[in-house]
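Taking it in order: structure first as structure tokens, then the write-up.
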């Protein structure tokens, strides 16, 4: 029997394939990982494409096609091995590597994220939270103390920040992004209700919370659910 390749040997070629993977597939990978980890914690050994599809609201053929990009094959009449799925998805999403995060904005959203225990489960370590308001600087948020934005260069250098999480008002978002980039941060998650821009070597993800809410309300309006609720309330 041929020896099973080491995890690092399987993940390295995978990272090359990820660069050419369709964006919709990439966007579904975190959903697969959440589902698979939940199953693994419950002691499940195998899952079928039908079970995965039902839980995520997609089709079994979509699941199977997505997994071909990861070179994952199921076993006839048994499905996919949960342990292997977890290993490959974790490697492809770098969920097994520590990513050091700095939060800019110590309002309600920023503070909530700073103490969110679920982030650490996927390798995200919140190392700092910063703000420009004097009344907020120095406050304790979980195990962290809110730092001044004037300290940002020192924070990025000392904590070796990989990702900046922007949780400030829309009018301040681009300035916060520019300051993070100037300090050498190359990954930004923007939660402000505006788009931010950056040079090509900086990776930016703009939050879709409002866009998703608008899509949801549009569907409700088209199906008469919003109007129906108003009539019931009257």
Could you say which residue among 160, 174, 111 is over 24 Å from residue 194 (Cβ atoms) and under 21 Å from the mean Cα position of the chain (by Cα)?
160
Applying the selection to segment 102-135, what residues are over 25 Å from residue 30 (Cβ atoms), out of contact with any helix residue (DSSP H, G or I) (no Cβ under 9 Å at 6 or more places or on another chain) and without any contact (Cβ under 8 Å) to a residue 40 or more places away in the chain?
133, 134, 135
If I filter segment 156-168 for residues that are at pLDDT 95 or above and more than 30 Å from residue 91 (Cβ to Cβ), do I get at least one hit?
yes
Matching option when the condition is surrounded by fewer than 15 Cβ atoms within 10 Å (Cβ to Cβ) and either modelled with pLDDT of 90 or more or assigned by TED's automatic domain parsing to the domain that holds residue 186 (or both), among 98, 51
98
For segment 114-136, how many residues are under 15 Å from the mean Cα position of the chain (by Cα), on the phi < 0 side of the Ramachandran plot and not in a strand (DSSP E or B)?
8
Across (1) in contact with a strand residue (DSSP E or B) (Cβ under 6 Å, 6 or more places away or on another chain); (2) under 30 Å from residue 88 (Cα atoms), residue 180 clears everything bar (2)
Among (1) closer than 23 Å to residue 93 by Cα; (2) within 19 Å of the chain's Cα centre (by Cα); (3) without any contact (Cβ under 8 Å) to a residue 60 or more places away in the chain, residue 196 falls short only on (1)
Qualifying residue in segment 207-223 (condition: farther than 19 Å from residue 116 by Cβ, surrounded by 15 or more Cβ atoms within 10 Å (Cβ to Cβ), touching a residue at least 12 places away in the same chain (Cβ under 8 Å) and in contact with a strand residue (DSSP E or B) (Cβ under 7 Å, 6 or more places away or on another chain)):
no
Tell me, please, whether a residue that is touching a strand residue (DSSP E or B) at 6+ places or on another chain (Cβ under 8 Å), without any contact (Cβ under 8 Å) to a residue 60 or more places away in the chain and closer than 21 Å to residue 189 by Cβ can be found in segment 86-99.
yes
If residue 71 passes every condition in (1) at positive phi; (2) buried (at least 16 other Cβ atoms within 10 Å of the Cβ) but one, which one does it miss?
(2)
Give, as residue ranges, the strands (runs of 3 or more DSSP E) completely inside segment 141-209 that count at least 1 residues that are touching a helix residue (DSSP H, G or I) at 6+ places or on another chain (Cβ under 6 Å) and in the same structural domain as residue 106 (by TED's automatic domain parsing).
163-166, 187-190
Subset of segment 85-113 [in a loop (DSSP other than H, G, I, E, B) and within 30 Å of residue 75 (Cβ to Cβ)]:
93, 94, 95, 96, 97
Looking only at segment 160-173, count how many residues are crowded, with 18+ Cβ neighbours inside 10 Å and without any contact (Cβ under 8 Å) to a residue 60 or more places away in the chain.
1
Picking from 147, 157, the residue that is touching a residue at least 12 places away in the same chain (Cβ under 8 Å) and more than 20 Å from residue 108 (Cβ to Cβ) would be 157
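The values are calculated or read from the model by the stated rules, or taken from the named source; none is laboratory data. Every value quoted in this text rests on a predicted model; they were computed, and no experiment measured them. Quick reminder, even Gly has a Cβ in these numbers, built from the backbone with ideal geometry, and neighbours come from all protein chains shown.
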